[in-house]
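Down below is the structure, laid out as structure tokens.
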Amino acid sequence: MPRSQTQRQFAVASPLGDDVLLFRKMAYKESLGRPFDMQLDVLSDDPAIDADKLLGQNITVRCELPNLEGQSRYFNGLVASFQHAGVEEGMSIYRLRVVPWLWFLTRSSDCRIFQEKNAPDIIKQVFRDLGFSDFRQTLSEDYRLWDYCVQYRETAFNFVSRLMEQEGIYYYFEHENGRHTLVLIDDAPAHDPFPQYEKIRFRPFDEVLKDSELIHEFAISKSVQPGSFAQTDYDFTNPKKALETRSSADRSHGLASFEMFDYPGEYVEASEGNRYASVRLNEHQSRYEIGTGLGDCRGIAVGRTFELIEHPIEAMNTEYLVTSVQIVAESDAFGSSGRPHARGDSMSTSFTVIPAKQQFRPARITPLPFVRGPQTAVVVGPDGEEIHTDEHGRVKVMFHWDRAARARETDSCWIRVAQEFAGKKWGSMQIPRVGHEVIVSFLEGDPDRPIITGRVYNGDNKPPYPPTQFGTVTTWKTNSSKGGGGFNELRFEDKKGEEQVFLHAQKNLDIRVGNDRFENIGNDRHLVVENDKFEHVKNDRNEIVEGNHTEKIEGDRDLTVEGKQSVSIDGTLSVKVKKDVAEEFDKNHSEVTKEDLFLKAKNICIEAEENLTLMVGESWIAIEKDGVKVSSTSGTVEQEAKEIRTKSTMDTTMEALNLNATGRVGVKLEGKVSLEATATKAKFAGKALAELSGGIVKIN
């Protein structure tokens, strides 16, 4: 006779077909904000069921609700494991582990980056990317945007779980025939009762009513929890921003005011911190008052509320939220002959609850990913850009593990770059460029908090000098941007006997010294200026050359002195000019030579606009506009020449004239000559001859 579950309280539906698997036992466990886990024992006449036909497949357990005629409660899930567990009365026993689709996220791990999304959107994207859509959300709170959120070497399940735990989001499951739905929730008032189980009666075991679904045991326990939670964080864009937040609970018992403190709070706005502080406090306060119970009521479900009634302690007759259940259902309905056994079917539920008015928050039990050490990554930016940075000198990178990266500026968040020192508008600044490989560390090992701490060469980016040949070289060498082709460099060579400091400026070199500058050069100094050289000394300039000073100017030299110029030469001054020399003085020009002065030239021309005076002692010659004067008050004026000529267009006047001629003297007068004197005496001695000739000679 074929076996059938149609009229049974418990039945199993599977892809194998009707009544291939017969219900034997179910152990179902579920907690609020955690996946359920169901161990299902079934019977089958088939001793060799292929496990692959059930693994990952949908399976449903139907449970009749005795007090609601024609209605059932369903437990649905996917088969995670399948085993042959033995034989009973000629039938094979199979044991299945049935889990929600959420459990299969434990079978997927990845490293990926989410940007500019809030936690609910990240969670839903993970679900959809893995092919799951049986979820809905009843979220009422506002969630901040995460600039940067990383799933790092962790399962998708751990990733979404820790996000929900941090944000205070939790979930439960709604079961239907053939499917189950994950419900995301964050608000106590959003919880509803299981249909038709809004109120559940309490009855001790010794007062059990026939065919009634009751709670037989119920107790409340309270435990001391932290009375407040405080936290703070740090916003580098506003270092002085006050970010400490706190949330407190008012409990009447003693020692209720202890505070939990944590850092970092994972926020940069105080409003976000206030919400997180409340979430953390409720995480603890959810464990302040816990009820535990046991009964055969089949409408007690995680995430659902109910009102307990008829408990002898009136304070316990209130509304509760179910936070966990353990359900055991058994059936001895089938034997080897197919006839029902006498013991029938049973179902018991043990559970925990909290007051429905208490906001539940999941405990943070999911381990956070921890980056155990630095990593390297490659700096990225927009196409065609060599430098991509922001006002804080941050850059973006592509991690080697990021399979979704496209070597673009969207591959990561802005990441701060450690510098040698960083002050307020002072410090060092070296911006990693696109394509550079950088060392990335993580604050407190958190993959969401990267910071660049160094740079390394690789096969594409090699050192500026081969290290095996230039191991003694230390250098800072840059590359002109965009396009390269030039560089600035400060290089040190430490090879013994060849020590050198090398400085190269591709274009301009500006040196600014606030006070003194000293240079001490042990040997030669060479300076080559390919074009012009300009010097501007705003005060005095002093130069001492202890040896010779040689200066060669292959072009012109112009010297302008707006004040005075003094030249002092202890030795000889030689000036050789191959062409003309021109000097112009706006005022007086004085030269003093303590010994001899020699002028030698082919022609000498001295021109004075007013007068020219030559003076030696008391003798002088003055050449003026209206005449020439020769004076020697205490000496003699001598003229000696082969021929002396005197020419005057007018008169020639001589005062106290005595002419002495010791040799032969000839006077030749042409034209009219007139000699007048008040007393005239002519004396001729020796063989002198006086000869007068002309038209008329008159001697009186």
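Brief remarks on what is shown
- Efficiency of FRET between residue 620 and residue 538 - r from beta-carbon atoms, R0 41 angstrom, step 0.05: 0.30
- Estimated FRET transfer efficiency when R0 is 41 angstrom, pair residue 206-residue 255 (beta carbons, to 0.05): 0.55
- Translational D in µm²/s for the range 48-205 (Stokes-Einstein at 4 °C, 1.567 mPa s, Kirkwood Rh from C-alpha pairs): 70 µm²/s
- Stretched out straight at 0.36 nm per residue, the stretch from residue 246 to residue 634 would grow longer than its current Cα-Cα span by 128.0 nm.
- Put simply, the amide H of residue 243, placed in the peptide plane, has neighbours under 5 Å in 233, leaving out anything fewer than 5 places away on its chain.
- Amide N proximity, the range 309-332 versus residue 199 label position 7 Å along Cα-to-Cβ, cut-off under 15 Å: 309-312, 317-320
- Whole-number D in µm² s⁻¹ for the range 370-462, Kirkwood Cα-pair radius fed into Stokes-Einstein, 37 °C, 0.692 mPa s: 242 µm²/s
- Centroid-to-centroid separation of the range 496-544 and the range 103-133 [C-alpha atoms, Å]: 62 Å
- Counting every C-alpha pair in the chain, the share spaced more than 40 angstrom apart comes to 64%.
- Judged by the gyration tensor of its Cα atoms, with axes a ≥ b ≥ c, the range 109-176 is oblate; a/c meets the 1.5 cut and b/c is at least as large as a/b.
- Computed per residue of the chain from DSSP H runs no shorter than four, each worth -39500 (n - 2.57), the mean residue ellipticity at 222 nm is -2000 deg cm²/dmol.
- Loop-located chymotrypsin sites (Phe, Trp or Tyr not before Pro) in the range 185-272 (DSSP state not H, G, I, E or B) with no more than 11 neighbouring Cβ atoms inside 10 Å: 236, 258.
- Taking every alpha-carbon pair under 8 Å whose residues sit at least 6 apart, the range 228-285 reaches a relative contact order of 47 percent.
- Projecting the Cα positions of 470, 438, 253 onto the charge dipole of the chain (unit charges on Cβ atoms of Lys, Arg, Asp and Glu, taken about the Cα centre) puts 470 furthest along the positive direction.
- Between residue 425 and residue 116, the C-beta separation translates, for a Förster distance of 41 Å, into a calculated FRET efficiency of about 0.85.
- Contact order relative to length of the chain, as percent, for alpha carbon pairs under 8 angstrom and 6 or more apart: 9 percent
- Vicinal HN-Hα couplings computed from phi for the range 566-581 (Karplus, 6.51 cos²θ - 1.76 cosθ + 1.60; Hz; Gly/Pro x): 10, 10, 10, 10, 6, x, 9, 10, 10, 10, 10, 10, 7, 10, 5, 10
- Loop sites in the range 136-243: trypsin sites (Lys or Arg not before Pro), DSSP, at most 10 other Cβ within 10 Å: 210, 240
- Overall form of the range 228-285 per C-alpha gyration tensor (a/c, 1.5; a/b vs b/c): prolate
- Think of the chain as having a plus end and a minus end, set by charges on the Cβ of Lys, Arg, Asp and Glu; of 161, 559, 188, 559 sits farthest toward the positive end of this dipole.
- Cleavage-rule hits (GluC sites (Glu not before Pro)) in the range 561-631: DSSP loop, at most 14 neighbouring Cβ within 10 angstrom: 562, 583, 584, 591, 595, 607, 609, 610, 618
- Three-way shape call for the range 10-100 based on the alpha-carbon gyration tensor, with the a/c threshold at 1.5: oblate
Throughout, read-outs are computed from the coordinates displayed, never taken from laboratory work. On a predicted model such as this, the values are computed, not experimentally measured, just so you know. Using ideal geometry, Cβ is built from the backbone for each residue, glycine included, and neighbour counts are taken over all protein chains shown.
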